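This report refers to the structure that appears directly beneath it.
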Amino acid sequence: SSNVIVGTLPSSTGTSIFLTSVDRDGNYSLDSAQTVYSVVFDSAGTDIVYSSTCDIRNNVYMGGYFQTGNMTIRDQFGTALSTATLTGVSPGFITKMASNGTILNTLLITENVFSITTSPNISIFPNK
């Protein structure tokens, strides 16, 4: 089982979102097996995560917004995992990640996502 740390870091163009998992002893290591992992969400502007939660399968959900251009999601090795393209001003997003750090889906919406919760009976990401 792992624990997840989510936050915002300063970047050269604004702020970036990060998500890091650590094992139950608080250890982190950059291993290719991705038993623990890190991802960075980065665009050419300000990126903010306002809320995060986990479901009963330990999938991680994050909600927030990115300000400019494309938001690229990269793993701890710098490999691009996914890209979301700006379609309006400060689009909100919800990203679902598997417990091993795999990006399962990103949904862009026109409003910022200030709060997110899960339910065992409802999914905005069917079959994932």
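The values are calculated or read from the model by the stated rules, or taken from the named source; none is laboratory data. Predicted model only: the values in this text are computed from it and were never measured. Accessible surface areas use protein heavy atoms only, side chains included; no ligands, DNA or RNA. Shrake-Rupley method; radii C 1.70, N 1.55, O 1.52, S 1.80 Å.
Accessible area ranking (1.4 Å probe, heavy atoms, ligands and nucleic acids excluded), largest first, for S12, S119: S12, S119. For the stretch 34-116, the alpha carbon convex hull comes to 79 Å³ per residue, rounded to a whole number.
The shape of the stretch 55-100 comes out oblate: with a ≥ b ≥ c from the C-alpha gyration tensor, a/c is at least 1.5 while a/b does not beat b/c.
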